[in-house]
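Notes to accompany the following structure.
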Amino acid sequence: MRHIAAHGSGQRMIDARIHASAGGAILFDAGLAAQADEAWFDPGAWQARGLLEGHGGGRGRVAFVRAPFGACALRHYHRGGMVARALGDRYLWTGMENTRGFAEFRLLAALRERGLPVPAPVAARYRRRGVHYTADLLTRRIESAQTLAQCLHANSADAHLLQRVGALVARFHAVGVYHADLNAHNVLVAPDGLHLIDFDRGELRAPARGWQRANLARLRRSLRKVLGADGAGTGDFDATRWTPLMRGYETAMEAA
């Protein structure tokens, strides 16, 4: 077992360790459990113990579980698009630290070091078979939260909330955080504030207007899709939705 400590800033230090497992390895936070357990990544095992609380949507195959160390979200990585028909949940092996789960665990730990509002990583696993591998990630769940998409559907995303969303995105962009799938489903609105989730393929980059604008354009398309192609029922999309969000973004970027 190899010890890699992550030093926290304002949050509990993540004591990241690697444990060899059947056909692969598990990266886990030893501050939550002394040993990693293969059963953590099996929804059926949680269900057998009466600790499976439900499933989320999307291709990520998310299961919500009530672990001894708190409520968690378990995601099995699964490809999207046309390539999913051929490879499903298999990815090309290019090294342990490049596996989807390990990379996202490391990124989440780094973002929490910076005090950013992201889920705490609990454990990541890969299983290798030949030139391919499969991967899973267990994170702490942001409880009592709604997605921004749900708020938009419920017509509860007012100008103030959208300004806060813009400021949230700016907070990440200002320190070079690239979110590969910035959309209305990956922004959570919780009693303790706003959070970003799902950092698969995310990375830390030098801040630059090019990728930041592309990130914002992706979020804009997502909001329009959630509201309907023409922002149905919302009046003018730019005036009522996008302008408040960008106002919050630009103000926060100027202050960063």
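The values are calculated or read from the model by the stated rules, or taken from the named source; none is laboratory data. Since we're looking at a predicted model, the values are computed, not measured. When we count neighbours, we look across all protein chains shown, and the Cβ atoms used for this are built from the backbone with ideal geometry, even at glycine.
Quick notes on this structure:
- Residue match in the range 90-102 (condition: more than 29 Å from VAL177 (Cβ to Cβ), over 20 Å from the mean Cα position of the chain (by Cα) and outside the structural domain of HIS185 (by TED's automatic domain parsing)): no
- Residue check for GLY166: more than 18 Å from ALA110 (Cβ to Cβ), crowded, with 21+ Cβ neighbours inside 10 Å and more than 20 Å from the chain's Cα centre (by Cα): no
- Scanning the range 182-192 for any residue that is crowded, with 17+ Cβ neighbours inside 10 Å, touching a residue at least 60 places away in the same chain (Cβ under 8 Å) and either touching a Leu at 6+ places or on another chain (Cβ under 7 Å) or among the β-branched types (Val, Ile, Thr) (or both) turns up nothing.
- Scope the range 85-111; condition out of contact with any strand residue (DSSP E or B) (no Cβ under 8 Å at 6 or more places or on another chain) and among the acidic types (Asp, Glu); matching residues: GLU97
- Test: residue in the range 203-217 that is touching a residue at least 40 places away in the same chain (Cβ under 8 Å), touching a strand residue (DSSP E or B) at 6+ places or on another chain (Cβ under 7 Å), surrounded by 15 or more Cβ atoms within 10 Å (Cβ to Cβ) and not in a helix (DSSP H, G or I): no
- Test: residue in the range 166-176 that is assigned to a loop (DSSP other than H, G, I, E, B), at pLDDT 95 or above, assigned by TED's automatic domain parsing to the domain that holds ARG241 and under 30 Å from ASP238 (Cα atoms): yes
- Enumeration of residues in the range 218-256 that are of a type in the set (Gly, Ala, Ser), at pLDDT 90 or above and surrounded by 13 or more Cβ atoms within 10 Å (Cβ to Cβ): SER222, GLY248, ALA252
- From the list GLY54, GLY50, the lone residue that is small (Gly, Ala, Ser), at pLDDT 95 or above and either in a strand (DSSP E or B) or more than 27 Å from ARG129 (Cα to Cα) (or both) is GLY50.
- Options VAL118, VAL122, VAL169: the member that is more than 30 Å from ARG224 (Cβ to Cβ) and among the β-branched types (Val, Ile, Thr): VAL122
- Tally of residues being surrounded by fewer than 18 Cβ atoms within 10 Å (Cβ to Cβ) and either basic (Lys, Arg) or more than 22 Å from ALA184 (Cα to Cα) (or both) across the range 128-147: 5
- Yes/no for ALA22 being assigned by TED's automatic domain parsing to the domain that holds ARG79, within 15 Å of ALA124 (Cα to Cα) and without any contact (Cβ under 8 Å) to a residue 24 or more places away in the chain: no
- Test: residue in the range 172-179 that is farther than 26 Å from PHE102 by Cα and in contact (Cβ under 8 Å) with a residue 24 or more places away in the chain: no
- For THR134, the criteria (1) touching a residue at least 60 places away in the same chain (Cβ under 8 Å); (2) out of contact with any Pro (no Cβ under 6 Å at 6 or more places or on another chain); (3) not assigned by TED's automatic domain parsing to the domain that holds LEU223; (4) not small (Gly, Ala, Ser) hold in every case but one, which is (1).
- Those residues of the range 7-43 which are modelled with pLDDT of 95 or more, small (Gly, Ala, Ser) and not in a loop (DSSP other than H, G, I, E, B), in sequence order: ALA16, GLY24, ALA25, ALA39
- Residue list for the range 127-163, restricted to those being at positive phi and over 21 Å from the mean Cα position of the chain (by Cα): GLY130, ASN155
- Any hit, the range 106-121, residues being of a type in the set (Asp, Glu), assigned to a helix (DSSP H, G or I) and crowded, with 22+ Cβ neighbours inside 10 Å: no
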